[in-house]
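Quick note: the coordinates plus some simple rules give every number you see, no bench work behind them. Model, not experiment: these values are computed from the prediction. All Cβ positions, glycine included, derive from the backbone under ideal geometry; neighbour counts span all protein chains shown.
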Amino acid sequence: MSLKSKRAFVVQKHLARKAGLHYDFRLEMPTKKGTKLVSWVIRKGPSLDPSVKRLALQTTDHDISYGTFEGITADGAYGAGKTIIWDKGKYKILTKSVKTKEDLKKVDYFKFELYGKKLKGVFVLFKTKRGWILKKIKDGFAKERSNVTKELSKSVISNKDVT
Ligand code: MN
């Protein structure tokens with residue numbers, strides 16, 4: 001697959017019955033089990049402020065079809081609680097050595113560009129002892145002292161929220 005080709009990303013805002021409010025950040029990416037939504041849990045969600053670092057804990061890959069899910073999941077089921085599609089769009093990997101999920105194990109960071117409705121421009125995921133950190137790179141889409149999760153809190157497809 002060409003480096004220039006764009007794939008889908010989605011951020012689901014999830015008010016989970018057990019874990020509470022968090023954001024599931026998902027990048028469509030080839031894996032050993034086919035193309036999946038490689039996923040990270042970000043408690044406070046992404047930020048457009050380049051000075052803000054957000055812990056992003058890698059979690060279970062999800063099927064591509066899950067990326068369009070918005071709604072209520074019954075108690076006891078996986079992901080129980082309420083989910084909205086907080087942002088979605090295409091993304092492009094900018095780090096040449098990363099093409100698949102397996103490549104993520106070999107690098108300490110990777111850069112990508114998001115073409116979402118709320119999240120735009122270049123971001124980096126880099127590894128620390130605690131896990132991955134998501135951070136906005138300074139560019140024309142960066143917004144210092146902004147709080148995009150508060151300012152733009154609702155679903156990009158339904159205008160609903162999880163509360
Ligand atoms: Mn979740």
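Annotations
- Filtered residues of the stretch 125-147 (kept if charged (D, E, K, R), over 17 Å from residue 59 (Cβ atoms) and surrounded by fewer than 17 Cβ atoms within 10 Å (Cβ to Cβ)): 129, 138, 139, 143, 144, 145
- Against the criterion of being part of a strand (DSSP E or B), surrounded by 15 or more Cβ atoms within 10 Å (Cβ to Cβ) and in contact with a His (Cβ under 8 Å, 6 or more places away or on another chain), residue 114 does not qualify.
- From 146, 97, residue being assigned to a loop (DSSP other than H, G, I, E, B), under 29 Å from residue 81 (Cβ atoms) and not aromatic (Phe, Trp, Tyr): 146
- Some residue of the stretch 61-81 being within 24 Å of residue 160 (Cα to Cα), within 11 Å of the ligand (Cβ to nearest atom), β-branched (Val, Ile, Thr) and part of a strand (DSSP E or B): yes
- Leading residue by the ranking (farthest from residue 138 (Cα to Cα)) among those in the stretch 90-111 that are among the aliphatic types (A, V, I, L, M) and surrounded by fewer than 16 Cβ atoms within 10 Å (Cβ to Cβ): 107
- Subset of the stretch 30-59 [more than 13 Å from the ligand (Cβ to nearest atom), crowded, with 21+ Cβ neighbours inside 10 Å and not in a strand (DSSP E or B)]: 46, 47, 48
- Lone unmet requirement of (1) within 15 Å of the ligand (Cβ to nearest atom); (2) closer than 25 Å to residue 139 by Cα for residue 5: (1)
- Qualifying position, being away from the ligand (no atom under 12 Å from the Cβ) and either surrounded by fewer than 17 Cβ atoms within 10 Å (Cβ to Cβ) or within 28 Å of residue 139 (Cβ to Cβ) (or both), among 21, 27: 27
- No other residue among 94, 48, 152, 55 is of a type in the set (A, V, I, L, M, F, W, C) and within 18 Å of residue 28 (Cβ to Cβ) apart from 94.
- Any hit, the stretch 120-127, residues being more than 25 Å from residue 68 (Cα to Cα) and not polar (S, T, N, Q): yes
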